[in-house]
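Peer 1: Can you keep this structure in mind? I'll have questions shortly.
No value in this document is a laboratory result; all are computed from the given coordinates. Remember, predicted model here, so these are calculated numbers, not experimental data. Virtual Cβ from ideal backbone geometry, glycine too; neighbours counted across all protein chains shown.
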């Protein structure tokens with residue numbers, strides 16, 4: 001993170017004239033590593049976004065959320081995760097916790113399978129309804145392949 005500079009005309013009293021000078025502004029420039037580090041800190045600390053925004057002089061929380069969206073949804077999200085060993089995580093969880101998680105996953109799987117079956121039936125019902133409407137009213141409802149628009 002470095003402070004942004006801007007070239008401005010500044011009056012030099014000693015010389016009695018204006019001259020161009022590099023002046024620091026209240027804005028900052030962040031490179032990719034800075035953005036990833038800030039996103040990681042926000043993700044790990046779970047503190048309010050306003051704290052991070054004021055700490056790093058970010059223009060708004062929307063910018064921070066944009067970074068989070070970019071770095072959490074891309075492949076960079078691996079670098080945002082706290083670096084821990086999977087084996088130590090598994091050993092910390094008790095057998096009972098693992099069994100409970102497995103039970104929850106099986107229940108979720110069953111629920112999703114039932115929802116899928118319901119949607120398949122619903123799709124079949126819609127197809128049947130269209131077929132009946134086309135036969136009874138003698139009007140084409142489905143778009144025919146190869147028609148010109």
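Peer 1: Please work out how much length the chain gains when fully extended from residue 94 to residue 10, using 0.36 nm per residue of separation minus the C-alpha to C-alpha distance, in nm with one decimal.
Peer 2: Net length gain for the segment: 23.5 nm.
Peer 1: Most exposed first by the Cβ proxy, i.e. fewest other Cβ within 10 Å, how do 57, 43 rank? Don't skip to the answer; put the middle values down first.
Peer 2: Values: 57 12, 43 15.
Lowest to highest Cβ neighbour count: 57, 43.
Peer 1: For the residues 20, 67, what sequence is obtained by ranking on other C-beta atoms within 10 Å, fewest first? Could the numbers behind the result be given before it?
Peer 2: Numbers: 20 9, 67 20.
Ascending number of Cβ neighbours within 10 Å: 20, 67.
Peer 1: Let me ask another. Going by how many other Cβ atoms sit within 10 Å of their own, how do 46, 40, 8, 17 line up, fewest first? Write down the numbers at each step before the final one.
Peer 2: On the way: 46 6, 40 18, 8 12, 17 9.
Neighbour counts put them in this order, fewest first: 46, 17, 8, 40.
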